[in-house]
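Participant: My structure is below; once you've seen it, I'll send some questions.
The values are calculated or read from the model by the stated rules, or taken from the named source; none is laboratory data. Just so we're clear, the structure is a prediction, and the values are computed from it rather than from any experiment. Neighbour counts run over all protein chains shown; Cβ positions are idealised from the backbone, glycine included. Surface accessibility is based on the protein's heavy atoms, side chains included, excluding ligands, DNA and RNA. Shrake-Rupley method; radii C 1.70, N 1.55, O 1.52, S 1.80 Å.
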Amino acid sequence: MEAAEESEKPAPSRDPHEETLLSWEREQSILKDRLIISNTETWQNMPNFHGLERVGGVDLSYVKEDDTIACASLIVLSYPNLEVIYEDCQMVILDAPYVAGFLAFREVPSLVEAVKRLKAKDCSLMPQVLLVDGNGILHHRGFGIACHLGILTGLPTIGVAKNLLQVDGIENNESHREQALKSSQKSFKPIYISVGHKISLETAVKLVHSCCKYRVPEPTRQADIRSREFCVKITNEKQKPQDLHQDCKSCEQQDEN
């Protein structure tokens, strides 16, 4: 009788956190099947990237007092002059926690919304390629934030990381020489370039190098600078975290409408 009762006991439930990670892995695997890691645009094969007129950069800057609130920024620059022609900075609430290897699930939704806002405002300013502060296929599952954003927006994307992702499956060794780039003569530290979507590694490296005035390429550098400045401005105006949350929710409701 006791044996029968024991056999009827339900299997132990999985940790909700573990379930979330498994779900994220499955989504990455599904999206990865749509990944294109070769050139798809005419300008990518032209001398001096003739035909390329707009390059974009995206980044998120976090509020010091509350890591669930950040400023998501999308900056578009002219090419090859690298002058800012469009800027979008908006405070957002981040629902997903940070987990190494799954940054996209925390940051990409806000960046996709920024691209949608630009498309609605003036599609003539849409970037022809996006530089992302993070990794592309230089990722232990071969699908970093730059890949994720590229698939969801349909834009060519390049991952530009200041540090090599330190997780199982990726080691900081000689095998990453091809992706490491000393971006300017003034910089002693490399940046790590990887294919995001719809571009080859060779083209990505050449393009990123052409966008560098300093260590970090100008599109992501401007996105970082402007998102930080916007964060400081907003947090100075709204000292209480609950006020920031309320403002973010109001912005999200306006986007939905």
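Participant: Calculate, for ASN45 and ASN163, the FRET efficiency according to 1/(1 + (r/R0)^6) with r their C-beta to C-beta distance and R0 22 Å; round to the nearest 0.05.
Facilitator: That gives a FRET efficiency of 0.10.
Participant: Check which residues have an amide H placed less than 5 Å from VAL129's amide H, if you skip close sequence neighbours.
Facilitator: Excluding prolines and chain starts, which carry no amide H, the hits are GLY56.
Participant: Amide H to amide H under 5 Å from TYR86: which residues, 5+ apart in sequence or cross-chain, H placed 1.01 Å off N in plane?
Facilitator: The list, which skips near neighbours in sequence, is VAL76.
Participant: Using a/c under 1.5 as the rounded threshold, could you call segment 23-121 rounded, prolate or oblate? The axes a ≥ b ≥ c are square roots of the C-alpha gyration tensor eigenvalues, and prolate needs a/b larger than b/c, oblate otherwise.
Facilitator: Cα axes put segment 23-121 in the oblate bin.
Participant: OK, next. Scan around ILE37 for amide H atoms under 5 Å from its own, H built in the peptide plane at 1.01 Å from N, and keep only partners 5 or more places away or cross-chain.
Facilitator: Excluding prolines and chain starts, which carry no amide H, the hits are LYS198.
Participant: Related question: With every protein chain left in place, what is the accessible area of SER23 in Å² (1.4 Å probe, nearest 10)?
Facilitator: Estimated to the nearest 10 Å², SER23 gives 50 Å².
Participant: Do any of LYS64/LYS162; LYS116/LYS198; LYS121/LYS213; LYS64/LYS198; LYS121/LYS206 go past 26 Å between their Cα atoms, and which?
Facilitator: Cα-Cα > 26 Å for LYS121/LYS213; LYS64/LYS198; LYS121/LYS206; rest within.
Participant: How much accessible surface does VAL160 have with a 1.4 Å probe, in Å² rounded to 10?
Facilitator: Solvent-accessible area, nearest 10 Å²: 10 Å².
Participant: From the Cα gyration tensor of segment 63-106, with a ≥ b ≥ c the square roots of its eigenvalues, which class applies: rounded if a/c is under 1.5, or else prolate if a/b is larger than b/c, or else oblate?
Facilitator: Prolate is the answer for segment 63-106, as a/c is 1.5 or above and a/b outweighs b/c.
Participant: For a Förster distance of 25 Å, can you work out the FRET efficiency between the beta-carbons of ASP95 and VAL232, rounded to the nearest 0.05?
Facilitator: 0.60
Participant: Can you send over the solvent-accessible area of LEU152, 1.4 Å probe, protein chains only, in Å² to the nearest 10?
Facilitator: 90
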